[in-house]
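> My questions all concern the structure below.
The values are calculated or read from the model by the stated rules, or taken from the named source; none is laboratory data. Model, not experiment: these values are computed from the prediction. All Cβ positions, glycine included, derive from the backbone under ideal geometry; neighbour counts span all protein chains shown.
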């Protein structure tokens with residue numbers, strides 16, 4: 001990459017991009033090369049916004065072959081069957097990216113229109129839903145269960161995929177998506193006796209470790225103290241809509257709202273809860289996970305740089 005930077009130092013398009021001017025590129029490969037080179041030269045957080053998810057994914061694949069710092073933040077753009085089927089994978093990609101953005105940078109984040117507008121928890125709320133566990137730590141098993149449920153993990157009898165946890169006596173299994181395999185934590189009373197990775201198919205131990213970090217299993221994270229205010233807003237809106245509604249639909253509408261409220265109180269991870277997410281105070285956009293980023297808008301063949309605010 002150093003050779004490429006040396007060759008590009010007199011390149012008009014490269015220097016125009018560095019000087020915040022619009023440029024036109026002839027191919028996606030040229031676009032990826034210019035962006036990666038600009039990032040390595042400027043050594044600052046950068047946010048790349050593509051027109052759609054397909055173009056963002058293509059750019060990410062190309063840039064990530066050139067530099068390790070490239071991150072991708074995708075969001076479903078439709079509710080088609082194939083989109084819903086891929087949503088778990090995209091959620092994992094988003095969570096992994098959010099986690100990496102809380103670590104020291106600089107970072108190169110590739111997004112698209114829908115994803116950069118999506119509400120996400122603030123960095124502080126995201127960090128509060130991460131947990132580091134070490135051998136010898138003291139923590140009540142039931143407190144750990146409550147933490148996992150609030151962080152979006154779903155309970156199951158056998159852990160064989162990310163976003164799930166199980167408890168059997170003093171043993172807790174967790175599949176945190178930044179790892180390739182699930183974690184088994186064995187407690188002696190309230191003390192962590194050992195931690196190990198295990199094969200989800202054979203249940204055999206892969207490796208014992210002294211410390212692990214658990215990251216959230218959902219990007220719909222919020223604080224308990226905010227729920228009351230949000231529920232009040234939902235009920236006020238419900239009353240207004242209820243009075244205008246045809247009697248035929250009132251019972252179903254009331255039942256749905258009551259279920260949604262209970263799900264919010266329980267930190268349910270159903271994607272339908274996102275409809276209420278804007279009512280919480282501690283939400284932001286993925287751009288705020290970056291430090292005064294240089295923002296580059298990519299539309300078709302044109303690259304334009306804007307100052308981050």
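> Report yes if residue 166 is more than 21 Å from the chain's Cα centre (by Cα) and closer than 18 Å to residue 274 by Cα, otherwise no.
In short, no.
> Check 146, 118 and return the single one that is touching a helix residue (DSSP H, G or I) at 6+ places or on another chain (Cβ under 8 Å) and either farther than 30 Å from residue 66 by Cα or surrounded by 15 or more Cβ atoms within 10 Å (Cβ to Cβ) (or both). Steps first, please.
Numbers: 146 fails: touching a helix residue (DSSP H, G or I) at 6+ places or on another chain (Cβ under 8 Å).
Residue meeting the stated conditions: 118.
> In addition: Residues 109, 95, 91, 71: which one is at pLDDT below 95, buried (at least 19 other Cβ atoms within 10 Å of the Cβ) and within 15 Å of the chain's Cα centre (by Cα)? Spell out the reasoning first.
On the way: 109 fails: at pLDDT below 95; 95 fails: at pLDDT below 95; 71 fails: at pLDDT below 95.
Checking each option against the conditions leaves just 91.
> Suppose the filter is within 19 Å of residue 99 (Cα to Cα) and surrounded by 22 or more Cβ atoms within 10 Å (Cβ to Cβ); does residue 56 pass it? Talk me through it step by step, then tell me what you get.
Numbers: within 19 Å of residue 99 (Cα to Cα): no; surrounded by 22 or more Cβ atoms within 10 Å (Cβ to Cβ): yes.
Answer is no for this residue.
> Here's another thing I want to ask about it. Of the conditions (1) over 13 Å from the mean Cα position of the chain (by Cα); (2) closer than 29 Å to residue 192 by Cα; (3) not in a helix (DSSP H, G or I), residue 144 clears all except one; give me its number.
The single condition residue 144 does not satisfy is (3).
> Looking at 154, 177, which one is touching a helix residue (DSSP H, G or I) at 6+ places or on another chain (Cβ under 6 Å) and at pLDDT below 95?
On the way: 154 fails: touching a helix residue (DSSP H, G or I) at 6+ places or on another chain (Cβ under 6 Å).
Answer to the selection: 177.
> Turning to a different aspect of this structure: Can you name the number of the only condition in (1) out of contact with any helix residue (DSSP H, G or I) (no Cβ under 7 Å at 6 or more places or on another chain); (2) touching a residue at least 24 places away in the same chain (Cβ under 8 Å); (3) farther than 30 Å from residue 281 by Cα; (4) surrounded by fewer than 16 Cβ atoms within 10 Å (Cβ to Cβ) that residue 185 fails?
Among (1) out of contact with any helix residue (DSSP H, G or I) (no Cβ under 7 Å at 6 or more places or on another chain); (2) touching a residue at least 24 places away in the same chain (Cβ under 8 Å); (3) farther than 30 Å from residue 281 by Cα; (4) surrounded by fewer than 16 Cβ atoms within 10 Å (Cβ to Cβ), residue 185 violates only (4).
> Determine which member of the set 93, 178 is more than 19 Å from residue 268 (Cα to Cα), touching a strand residue (DSSP E or B) at 6+ places or on another chain (Cβ under 8 Å) and assigned to a helix (DSSP H, G or I). Full working, then the answer.
Details: 178 fails: assigned to a helix (DSSP H, G or I).
That would be 93, the only listed residue that is more than 19 Å from residue 268 (Cα to Cα), touching a strand residue (DSSP E or B) at 6+ places or on another chain (Cβ under 8 Å) and assigned to a helix (DSSP H, G or I).
> For the stretch 31-68: of the residues being over 19 Å from residue 115 (Cα atoms), part of a loop (DSSP other than H, G, I, E, B) and touching a strand residue (DSSP E or B) at 6+ places or on another chain (Cβ under 9 Å), which is modelled with the lowest pLDDT?
Among those residues, the one meeting the criterion is 67.
Results for (1) part of a helix (DSSP H, G or I); (2) under 30 Å from residue 45 (Cβ atoms); (3) in contact (Cβ under 8 Å) with a residue 40 or more places away in the chain; (4) out of contact with any strand residue (DSSP E or B) (no Cβ under 9 Å at 6 or more places or on another chain), shown as yes or no for each residue.
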position: 234; (1), (2), (3), (4): yes, no, yes, yes
position: 239; (1), (2), (3), (4): yes, no, no, yes
position: 256; (1), (2), (3), (4): yes, no, no, yes
position: 260; (1), (2), (3), (4): yes, no, no, yes
position: 287; (1), (2), (3), (4): yes, yes, yes, no
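> For residue 222, state whether it is without any contact (Cβ under 8 Å) to a residue 24 or more places away in the chain and in contact with a helix residue (DSSP H, G or I) (Cβ under 8 Å, 6 or more places away or on another chain).
No: the conditions fail for residue 222.
> Going through 213, 255, 240 one at a time, which residue ends up being surrounded by fewer than 16 Cβ atoms within 10 Å (Cβ to Cβ), under 30 Å from residue 183 (Cβ atoms) and out of contact with any helix residue (DSSP H, G or I) (no Cβ under 8 Å at 6 or more places or on another chain)?
Working: 255 fails: under 30 Å from residue 183 (Cβ atoms); 240 fails: under 30 Å from residue 183 (Cβ atoms).
Result of the check over 213, 255, 240: 213.
> Let me ask you something else. Keeping to the stretch 150-159, report how many residues are assigned to a loop (DSSP other than H, G, I, E, B) and over 16 Å from the mean Cα position of the chain (by Cα).
Initially, the stretch 150-159 is screened for residues assigned to a loop (DSSP other than H, G, I, E, B), giving 151-153, 156-159.
Still in the running and over 16 Å from the mean Cα position of the chain (by Cα): 156-159.
The total comes to 4.
> To continue, here is another question. Only one of 104, 162 is part of a loop (DSSP other than H, G, I, E, B), at pLDDT below 95 and within 28 Å of residue 262 (Cα to Cα). Can you tell me which? Give the steps one after another, and end with the answer.
On the way: 104 fails: within 28 Å of residue 262 (Cα to Cα).
None of the other options fit; the residue is 162.
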